[in-house]
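> Please find one structure pasted underneath; my questions will follow.
Where a number appears in this text, it was derived from the coordinates with a stated rule and is not lab data. Note that the coordinates shown come from a computational prediction; the quantities given were computed from them, not determined experimentally. All Cβ positions, glycine included, derive from the backbone under ideal geometry; neighbour counts span all protein chains shown.
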Amino acid sequence: MTENYMECGRCGRKLKDSKSKERGYGPVCWEVVQREREEEDHAKTPE
Ligand SMILES: [Zn+2]
């Protein structure tokens, strides 16, 4: 069983394509999330 998201984890919009559902983010938000992750990794900020 594959876990699929119904809404974008960032903006809350409904996801239409299967790839976005697997990721949990729409195509635009996915790019933003990836960029943020890279910056976080670079800065190494502790949570
Ligand atoms: Zn989104």
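> Suppose the Debye formula is applied to equal point scatterers at every Cα of the chain; what is log10 I(q)/I(0) at q = 0.15, 0.16, 0.17 Å⁻¹?
-0.43, -0.48, -0.53
> OK, next. With charges only on Cβ, +1 for K and R and -1 for D and E, what is the dipole size of the chain about its Cα centre, in debye, rounded to 20?
I would put it at about 320 debye.
> With each label point set 7 Å from Cα along the Cα-Cβ vector, what nm distance links A43 and E7?
Between A43 and E7, the label points sit 2.7 nm apart.
> Continuing with this model, one more query. So how do 32-43, 10-21 stack up, highest first, on mean other-Cβ count within 10 Å?
10-21, 32-43
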